[in-house]
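The values are calculated or read from the model by the stated rules, or taken from the named source; none is laboratory data. All values reported here derive from a predicted model rather than from experimental measurement. So basically every Cβ, Gly included, is an ideal-geometry build from the backbone, and we count neighbours across all protein chains shown.
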């Protein structure tokens, strides 16, 4: 689904990505982990074409990302911070995104599941952070794209919405989709992810499933395994 | 691009600031007509206000809109839309909604006063067209500044500085250089210097049309002598068009390469 070859990105003097090679196959839930500043968000933004790499190639579904925009029809993206134009209502925003993509979205069941009906006519500027995140999730999940990218999907969600989010992710997985997640909540990652991509200082430090990670670090629970990865590097 | 333009436009038309801006022009129009009691005189006074104020509002609204819709822009960037359409659409949305406030806010009082039956209608239309040009130019410049500066405060400061420079400082420097280089022929220099400032350009454009030589000043007089009224109008209009096209093209160019 995604093939990344020798990807470099520098912001000023700060070399963020130092040669990433990564193959992400079709189908599966991939968690991109790493300490702050390891390049997770930059990597995701490179895939989306929001950050333009200094060198290297990215192919999404066999089409190159550079100077291309049509490939984004294959991608649903949940940005990290949900901030929408304050003067639009929720219903208008949903209609607008559908209109902009020119695709039919299946938003009604999502709106119902996240209990957003009372907010449909409210202006986005007046919504709380958690409610905005729910709107954000509706926008990301309403299209039936084969690749879903979620940047910190759990931010600000209440436990009920969190449960539904996990259910949603599994449902999409069963349809054979590829799902890419970044999160700092290890419990969530452990529950959801099938495969871990661990970034460290701009390189892929580890790629494999959770069992392999535990074997490599000789730990028997996930959180400690991740902590060991981090410590090993510091030592 | 048209879709983005439409949504930006609606978003702005419904914001409180558009109404404040509209209301301000309504009041200004009414007060000027009431004080001057004469359409042509009101047009001249209006010119002096518009030429300074429209660029200021365009610049501030431009940077403000860019920075406040930044996260939303990121959402749009992840959609299957061309980058350039996003930014050009937003820019035109801002510029058009500002132009609309200008046209409605000034148009209504003047029409009620009997503009349509008077000779001042062409002068007044020219004033509005110049106002629209200034809105387009300064909003585009503001978008350029914002595209080059991630830091909001920096962007705002540069935008305000740009306005201050064009509206106030430029004239001062210009006059000073005229005094210092008094002994030399300055015709070509002053023509060139006028072309480089859209605010000066608009002022001359309107004054040429109004044919008030007393207000033309040095550059205006040179302008009229060199080109006559008709050519002067054509030339200053083309210069304004270039002032609009160059920054707009740069929005297109820069937005293609920028990281978000």
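A few comments on the model shown:
- Checking each residue in segment A:206-222 for being part of a helix (DSSP H, G or I), touching a helix residue (DSSP H, G or I) at 6+ places or on another chain (Cβ under 7 Å) and farther than 21 Å from residue A:28 by Cα picks out only A:217.
- Yes/no for residue A:93 being more than 21 Å from residue A:178 (Cα to Cα), within 12 Å of another protein chain (Cβ to nearest Cβ) and free of Cβ contacts under 8 Å to residues at least 40 places away in the same chain: no
- Options A:29, A:47: the member that is crowded, with 20+ Cβ neighbours inside 10 Å and out of contact with any helix residue (DSSP H, G or I) (no Cβ under 8 Å at 6 or more places or on another chain): A:47
- In the condition set (1) in contact with a helix residue (DSSP H, G or I) (Cβ under 9 Å, 6 or more places away or on another chain); (2) within 11 Å of chain B (Cβ to nearest Cβ), residue A:58 is compliant with all but (2).
- Some residue of segment A:8-15 being without any contact (Cβ under 8 Å) to a residue 12 or more places away in the chain, touching a strand residue (DSSP E or B) at 6+ places or on another chain (Cβ under 9 Å) and over 23 Å from residue B:11 (Cβ atoms): no
- Scanning segment A:96-111 for residues that are away from chain B (no Cβ under 14 Å) and part of a helix (DSSP H, G or I) yields A:108, A:109, A:110, A:111.
- Residue list for segment B:186-202, restricted to those being surrounded by 16 or more Cβ atoms within 10 Å (Cβ to Cβ), in a loop (DSSP other than H, G, I, E, B) and at pLDDT 85 or above: B:197
- Among the numbered conditions (1) modelled with pLDDT of 85 or more; (2) more than 14 Å from chain A (Cβ to nearest Cβ); (3) surrounded by fewer than 18 Cβ atoms within 10 Å (Cβ to Cβ), the only one that residue B:121 does not meet is (1).
- Helices (runs of 4 or more DSSP H) wholly inside segment A:121-205 that include at least 1 residues being at pLDDT 90 or above: A:129-141, A:159-174
- Checked against (1) surrounded by fewer than 14 Cβ atoms within 10 Å (Cβ to Cβ); (2) under 24 Å from residue B:124 (Cα atoms), residue B:180 passes all but condition (2).
- Sole residue being surrounded by 16 or more Cβ atoms within 10 Å (Cβ to Cβ), more than 25 Å from residue A:188 (Cβ to Cβ) and within 14 Å of chain B (Cβ to nearest Cβ), chosen from A:52, A:75: A:52
- The conditions of being touching a strand residue (DSSP E or B) at 6+ places or on another chain (Cβ under 9 Å) and in a loop (DSSP other than H, G, I, E, B) are not met by residue A:83.
- Residue in segment B:110-129 that is outside any helix (DSSP H, G or I) and under 26 Å from residue B:238 (Cβ atoms) present: yes
- Residue that is surrounded by the fewest Cβ atoms within 10 Å (Cβ to Cβ), among those in segment B:236-260 that are assigned to a helix (DSSP H, G or I) and within 13 Å of chain A (Cβ to nearest Cβ): B:257
- Residue B:111 vs. criteria modelled with pLDDT of 90 or more and away from chain A (no Cβ under 11 Å): no
- Flag for residue A:114 being crowded, with 21+ Cβ neighbours inside 10 Å, away from chain B (no Cβ under 14 Å) and over 22 Å from the mean Cα position of the chain (by Cα): no
- So residue A:18, is it surrounded by 14 or more Cβ atoms within 10 Å (Cβ to Cβ) and within 23 Å of residue A:229 (Cα to Cα): yes
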